[in-house]
Amino acid sequence: MNVKDSVAIITGGASGLGEACVRTLTAKGGKAVIFDLQEELGSKLAKEIGNNVLVAQVDVTNAESVAAGISKALGEYGKIDIVVNCAGTGAPTKVLSKKGPHPLEVFTKIITINLVGTFNVIRLAVEQMAKNTPGASGERGVIVNTSSVAAFDGQIGQAAYSASKAAICGMTLPIARECADYGIRVMTIAPGIFDTPLLGSNITAEVRVALNKMVPFPARMGQPAEFASMVREIVENSYLNGEVIRLDGAIRIAAR
């Protein structure tokens, strides 16, 4: 699928990996619809980029909220070609700590945002994508989900986060197989340690150096633009389907 003239919904698009996707896809001539609770931050990004960016305050875990966001996108641009699911959260918590057992509500919240939120957007977007006029190859849409290397190398304290990200990997193939009937491709990226504003605001200079050293090559954290570049490649390479791609500099996370 050509990025130029396509319409992409990007959840969590106001910052971090999502923001990078907004910048990359619009730079290539596409239109971006930011789904994010941070409406003010999304509007600031849209104003900076200029044309071809629409902002919708959306809670990905809420069916009505996502439906309203999709309606807004269709009202402005008339179609949805691409979905990039970047919205997510995490809160390191041990199964048993000095404070007691892992709070169930924390586990439930992470699963709900990361996994249920991703699926919620997929199911409602597919309904609209299936109505698209197919391209020359029969393609009607592309969905790119965000997992994490924690799906495979989860650390102590990442039970909820790893479970949510592993489940995203697990549902990639069955959804891709089903959506093949509609001409919609489904892929997932499992990023390693990326230098996002959220990470940067929570680590010291010493921790940053240590994180860089954990990556075999290149010995640094990933840049959001590199994630967005992978998204663009997935969109444009029509033979990529039903797979999870680790984007991590060959890192394998230790237990602690």
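The values are calculated or read from the model by the stated rules, or taken from the named source; none is laboratory data. None of the values given here were measured: they were computed from a predicted structure. In this analysis, Cβ positions are derived from the backbone assuming ideal geometry, glycine residues included, and neighbour counts consider all displayed protein chains.
Please find, within the range 1-16, the residue that is farthest from Tyr77 (Cα to Cα) out of those that are touching a helix residue (DSSP H, G or I) at 6+ places or on another chain (Cβ under 8 Å) and part of a loop (DSSP other than H, G, I, E, B).
Among them, the one singled out is Ser15.
Which of the residues spanning the range 221-256 are under 24 Å from Gln158 (Cα atoms) and surrounded by fewer than 15 Cβ atoms within 10 Å (Cβ to Cβ)?
Hits for the range 221-256 are Gln223, Ala250, Arg252, Ala254, Ala255, Arg256.
Which numbered condition trips up Thr112, out of (1) within 25 Å of Ala150 (Cβ to Cβ); (2) part of a loop (DSSP other than H, G, I, E, B); (3) within 20 Å of the chain's Cα centre (by Cα)?
(2)
Output the number of residues of the range 116-172 satisfying the condition of being without any contact (Cβ under 8 Å) to a residue 12 or more places away in the chain, closer than 22 Å to Phe227 by Cβ and assigned to a loop (DSSP other than H, G, I, E, B).
Counting residues in the range 116-172 that are without any contact (Cβ under 8 Å) to a residue 12 or more places away in the chain, closer than 22 Å to Phe227 by Cβ and assigned to a loop (DSSP other than H, G, I, E, B) gives 0.
Do you know which of the residues in the range 157-185 that are surrounded by 14 or more Cβ atoms within 10 Å (Cβ to Cβ) and either among the charged types (D, E, K, R) or touching a Pro at 6+ places or on another chain (Cβ under 8 Å) (or both) is farthest from Val126 (Cα to Cα)?
This residue is Gly157.
Name the one entry in Gly141, Gly100 that is loosely packed, with under 15 Cβ neighbours inside 10 Å and over 12 Å from the mean Cα position of the chain (by Cα).
Gly100
Anything in the range 88-120 that is polar (S, T, N, Q) and farther than 17 Å from Leu37 by Cα? List them, or say none.
Once the filter is applied, which keeps residues that are polar (S, T, N, Q) and farther than 17 Å from Leu37 by Cα, the range 88-120 yields Thr93, Ser97, Thr108.
What residue, among those in the range 17-39 that are closer than 20 Å to Val66 by Cβ and assigned to a helix (DSSP H, G or I), is modelled with the lowest pLDDT?
Glu39
Counting only residues that are in contact with a helix residue (DSSP H, G or I) (Cβ under 7 Å, 6 or more places away or on another chain) and of a type in the set (Gly, Ala, Ser), which one in the range 56-84 is surrounded by the fewest Cβ atoms within 10 Å (Cβ to Cβ)?
Out of the qualifying residues, it is Ala63.
Would you check if Lys165 is charged (D, E, K, R) and closer than 30 Å to Pro101 by Cβ?
Yes; evaluated as a whole, the condition is true for this residue.
Does the range 18-47 hold any residues that are crowded, with 21+ Cβ neighbours inside 10 Å and within 15 Å of Val121 (Cβ to Cβ), and which are they?
Listed by number, the residues that qualify are Gly18, Cys21, Ala32, Val33, Ile34, Phe35, Asp36.
Considering only residues that are among the aromatic types (Phe, Trp, Tyr) and part of a loop (DSSP other than H, G, I, E, B), which ones fall in the range 211-256?
Phe217, Tyr239
Just the residues that are assigned to a helix (DSSP H, G or I) and either among the hydroxyl-bearing types (Ser, Thr, Tyr) or in contact (Cβ under 8 Å) with a residue 12 or more places away in the chain (or both), please, taken from the range 173-185.
Passing the criteria: Leu173, Ile175, Ala176, Arg177, Cys179, Ala180, Tyr182.
Among all residue pairs at least 6 apart or on different chains, which show Cβ distances below 6 Å where the first residue, located in the range 48-67, is within 20 Å of Val126 (Cα to Cα) and the second is of a type in the set (Phe, Trp, Tyr) and buried (at least 18 other Cβ atoms within 10 Å of the Cβ)?
Ala56/Phe35; Val58/Phe35
So, in the range 186-210, of the ones that are in a loop (DSSP other than H, G, I, E, B) and surrounded by 11 or more Cβ atoms within 10 Å (Cβ to Cβ), which residue ends up modelled with the highest pLDDT?
Taking the candidates together, the pick is Gly192.
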